[in-house]
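Some notes on the structure that comes next.
The values are calculated or read from the model by the stated rules, or taken from the named source; none is laboratory data. Computed from a predicted model, the values in this text were never measured in an experiment. Neighbour counts run over all protein chains shown; Cβ positions are idealised from the backbone, glycine included. Remember, those area values only see protein heavy atoms, side chains included, never the ligands or the DNA or RNA. Shrake-Rupley method; radii C 1.70, N 1.55, O 1.52, S 1.80 Å.
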Amino acid sequence: MVLRSLMRPPYEPIKEAPLYILQRKTAFLLAFATARRVSEIHGLSSEVSHAEHWASVDIRLDPQFLAKTQLPGTEDTSRDYFSVLALTDFVGDLEDGTLCPVQALKVYLKKTRGMRDACKRLFTTTKPLFRPVSKNTISFWLRKVIQDAYKE
């Protein structure tokens, strides 16, 4: 039900969606695709590298991010970055990639390019003095996507 709702307005067409809607969709699809904690989605760095034709992305955690189970002063290099594959390689076009986390991330990065000088986290506030959004904000976004799907 939730995935179906992400394929319709206001989430689509994705390039025309308001930034706050794009943030919610991108965060939800990344959380769904990676099964990461909200705190780890919060800790994602804006430094994203991608394969040719955006077949996959490598997402890094902010170097200052401290995992819930990590002690201060210790390093956990196994969690430094992770890869997300584009859905189109597995399921074909699928409505022009409307459920592809890589496609959503690509559009989000393009739309927020000007915010990257001030903030190195992936998800930032949308007003000047761009700062990382809180874990609670990301949690709210995920809940809001699910609630809106049920309201439909």
Worksheet item: What percentage of the solvent-accessible surface of the chain, computed with a 1.4 Å probe over protein heavy atoms, is contributed by carbon and sulfur atoms?
Response: 53
Worksheet item: Summing -39500 (n - 2.57) over the DSSP H runs of n ≥ 4 in the chain and dividing by its residue number, what mean residue ellipticity at 222 nm do you reach, to the nearest 500 deg cm²/dmol?
Response: -11000 deg cm²/dmol
Discussion item. Please give the Cα centre distance for the stretch 104-152 versus the stretch 3-33, rounded to the nearest Å.
Written reply: 11
Item to complete: Take the Cβ-Cβ distance between Glu16 and Asp58 as r, set R0 to 25 Å, and report the resulting FRET efficiency rounded to the nearest 0.05.
Response: 0.35
Worksheet item: Rounded to the nearest whole Å², what accessible area per residue is found for the chain with the 1.4 Å probe?
Response: 59
Discussion item. On a 24 Å Cα-Cα criterion, which of the cross-link pairs Lys127/Lys151; Lys111/Lys144; Lys106/Lys151; Lys111/Lys151; Lys106/Lys135 come out too long?
Written reply: Lys127/Lys151; Lys106/Lys151; Lys111/Lys151
Worksheet item: Once you charge only the Cβ atoms, +1 for Lys and Arg and -1 for Asp and Glu, what is the size of the charge dipole of the chain about its Cα centre, to the nearest 20 debye?
Response: 740
Worksheet item: Taking only Cα atoms, what is the 0 to 90° angle, nearest 10, from helix 101-111's long axis to the longest principal axis of the chain?
Response: 80
Worksheet item: Which whole-number percentage describes the relative contact order of the chain, with Cα contacts under 8 Å and a sequence gap of 6 or more?
Response: 32
Worksheet item: What length, rounded to one decimal in nm, is gained on full extension from Phe140 through to Glu152, with 0.36 nm per residue of separation minus their alpha-carbon distance?
Response: 2.5 nm
Worksheet item: If you line up the long axis of helix 19-34 against the longest principal axis of the chain, both from Cα atoms, how many degrees apart are they, to the nearest 10?
Response: 70
Worksheet item: Each label point is 7 Å from the Cα along the Cα-to-Cβ direction; what then is the distance between the points at Met7 and Arg113, in nm?
Response: 3.1
Worksheet item: Taking the radius of gyration and the Kirkwood hydrodynamic radius from Cα positions alone, what is the Rg/Rh ratio for the stretch 1-68, to two decimal places?
Response: 1.00
Worksheet, complete the sentence: Placing +1 on each Lys and Arg Cβ and -1 on each Asp and Glu Cβ in the chain, then taking the dipole about the Cα centre, the residue among Val102, Phe28, Tyr81 whose Cα reaches farthest towards the positive end is Phe28
